[in-house]
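Quick notes on the structure that follows.
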Amino acid sequence: MTSGLLVKEGQALPLFWRYHLMAQPEAASASPMDPLCTASSGPRKKRPRQVGASMASPPHDIKFQNLVLFILEKKMGTTRRNFLMELARRKGFRVENELSDSVTHIVAENNSGSEVLEWLQVQNIRASSQLELLDVSWLIESMGAGKPVEITGKHQLVVRTDYSATPNPGFQKISQYACQRKTTLNNYNHIFTDAFEILAENSEFKENEVSYVTFMRAASVLKSLPFTIISMRDTEGIPCLGDKVKCIIEEIIEDGESSEVKAVLNDERYQSFKLFTSVFGVGLKTSEKWFRMGFRSLNKIMSDKTLKFTKMQKAGFLYYEDLVSCVTRAEAEAVGVLVKEAVWAFLPDAFVTMTGGFRRGKKIGHDVDFLITSPGSAEDEEQLLPKVIHLWEKKGLLLYYDLVESTFEKFKLPSRQVDTLDHFQKCFLILKLHHQRVDSGKSNQQEGKTWKAIRVDLVMCPYENHAFALLGWTGSRFERDIRRYATHERKMMLDNHALYDKTKRMFLKAESEEEIFAHLGLDYIEPWERNA
Ligand code: DCT
Ligand code: MG
């Protein structure tokens, strides 16, 4: 990293700066404002929100032409950033609203150099070695001095560059977002990810969202690693691994297991919730109720005359054995044939895509998910699922269904919730899959029973939303992280229906998943690399 101020000559100025320089406005009088925002003079009046401070405020003379500053909003906040930008401009500094090639100095607060570099990487910007990464103290001192002060070590943000010392050569910065990592089913860290998934599940049972997210993110990032963690040094530079998570990794490295995971697996509440939620239609609320009532086994629950079950739970108990035994790929393909036959009988031009875990290349799943869309009329679309259900009912293939009507509204902004269900018309089913459709002769077939009950989800979406629906229904943690990325890194809102750009105040259309990634400035990740 260089020290001292950099001179970059011959670079074209952005248009609005050229305008400012040509206009030669009078410098605004620099008021003795407190750059640390500590002084207050009387009650604070609410000022109208500034959209891009330089546009809203009068232009100022640039005294230091060779410096182009960019102030990072991350961890600083919009208000303080706007305030510092305005003040620096009044003092004659050139401060850019947006990060561009002309920027020579990035000023950040409460960020390490590595964090700034990570942010730049998320923006798809390569930091040149000439770019100064500076703490806000340098800007404050410079504004106080009325000129750029000399950059010393205390101003420069430290970047950890000793990656070559880690035992994983070719080590690259790993993003905190699953949508910037490739995660295949080739998991080199099962011993850790299994542990974190159990801890995450236990947190979910306790409705502890923070702890759930912590363990899921840890499991997710470890699944993306192209090597097995064998020592704590291997965890250096990997995001999403907090102190608690690292303690557990260390214990597993040393003892081969985690005492916390062992305790969870032996915990009566965890065991009961695991058992109860394995029944289709039973969620956390019902599990809690049954656990409090003292139930510990499904047999006792099923034979209890005082309990009332929903239609879904009744089906869950009735087909329990089939539903807990995983769906194989061969079974999923056979269901696919049934779905296509039925759909195409009514809408020959419909597109039927198997989504969920099977699209990501998984060999087994708990259900089979399908997305259906058609370039035809909305009425045809609306009628399709009821017709398919009716057909299967007539053929005796329908063991259970719940048709949920669409609540989709075309211009509704995408949801901020990362885990809410979408508004498309959908049907949750249990289908009877006859064995002749799959490879028969399986050992666990019940005597004389020629079929297996399979959970199937069908989702019907308008043609213009199908790329978003496909991305959403292909799923895994990847889906949550791409939405989080859109919100925090791109000021966009993404859900299963649409992508909305808050800066441009417009919906961004996409015909394919590739286009959605492109809108977000992300490299495309194939479905089988989304097993985050
Ligand atoms: N999905 C969604 N909104 C939700 C829940 C799920 O958009 N609230 C999407 C994301 C994943 C996809 O649906 C399929 O969900 P599951 O079948 O539960 O997951 P899976 O990855 O297919 O796992 P499994 O192999 O167990 O079926
Ligand atoms: Mg699924």
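The values are calculated or read from the model by the stated rules, or taken from the named source; none is laboratory data. Everything numeric in this text was worked out from a predicted model, so none of it was measured. Reconstructed Cβ throughout: ideal geometry from the backbone, glycine too, with neighbour counts over all protein chains shown. Accessible surface areas use protein heavy atoms only, side chains included; no ligands, DNA or RNA. Shrake-Rupley method; radii C 1.70, N 1.55, O 1.52, S 1.80 Å.
Looking across region 474-519, the residues that are among the acidic types (Asp, Glu), outside any helix (DSSP H, G or I) and more than 16 Å from ligand 1 (Cβ to nearest atom) come down to 501, 511. Would you check if there is a residue in region 191-198 being open to solvent by 70 Å² or more (accessible area, probe 1.4 Å), out of contact with any Asp or Glu (no Cβ under 9 Å at 6 or more places or on another chain) and either modelled with pLDDT under 90 or not in a helix (DSSP H, G or I) (or both)? No - not one qualifying residue is present in region 191-198. Residues in region 366-381 that are within 16 Å of ligand 2 (Cβ to nearest atom) and touching a Cys at 6+ places or on another chain (Cβ under 9 Å): 366, 371, 372. When region 345-361 is filtered for residues that are within 13 Å of residue 460 (Cβ to Cβ) and more than 16 Å from ligand 1 (Cβ to nearest atom), the ones remaining, listed by number, are 346, 347, 350, 351. With respect to the conditions (1) among the hydrophobic types (A, V, I, L, M, F, W, C); (2) modelled with pLDDT of 95 or more; (3) closer than 20 Å to residue 357 by Cβ, residue 478 lacks only one, and its number is (2). Can you work out which of the residues in region 400-411 that are closer than 27 Å to residue 482 by Cβ and away from ligand 1 (no atom under 16 Å from the Cβ) is most open to solvent (accessible area, probe 1.4 Å)? Here the residue is 411. Selection within region 253-268: residues that are part of a helix (DSSP H, G or I) and in contact with a helix residue (DSSP H, G or I) (Cβ under 6 Å, 6 or more places away or on another chain). The member of this set that is farthest from residue 296 (Cα to Cα) is 261.
Within region 121-137, can one find any residue that is in a helix (DSSP H, G or I), at pLDDT 90 or above, in contact with a Lys or Arg (Cβ under 9 Å, 6 or more places away or on another chain) and open to solvent by 30 Å² or more (accessible area, probe 1.4 Å)? Checked against the condition, which is being in a helix (DSSP H, G or I), at pLDDT 90 or above, in contact with a Lys or Arg (Cβ under 9 Å, 6 or more places away or on another chain) and open to solvent by 30 Å² or more (accessible area, probe 1.4 Å), region 121-137 yields at least one hit.
One residue stands out in region 366-399 among those that are in contact (Cβ under 8 Å) with a residue 12 or more places away in the chain and assigned to a loop (DSSP other than H, G, I, E, B): the one that is most open to solvent (accessible area, probe 1.4 Å), namely 366.
The single residue among 439, 419 that is more than 12 Å from ligand 1 (Cβ to nearest atom) and either among the hydroxyl-bearing types (Ser, Thr, Tyr) or modelled with pLDDT under 95 (or both) turns out to be 439.
Listed by first and then second residue, the pairs with beta-carbon distance under 9 Å, at least 6 apart or on different chains, first residue in region 351-365 and under 11 Å from residue 471 (Cα atoms) and within 8 Å of ligand 2 (Cβ to nearest atom), second modelled with pLDDT under 95 and not hydroxyl-bearing (Ser, Thr, Tyr), are 355/475; 356/475. Selection of region 295-344 for residues being under 28 Å from residue 461 (Cβ atoms), within 16 Å of ligand 2 (Cβ to nearest atom), open to solvent by less than 40 Å² (accessible area, probe 1.4 Å) and not in a helix (DSSP H, G or I) yields only 327.
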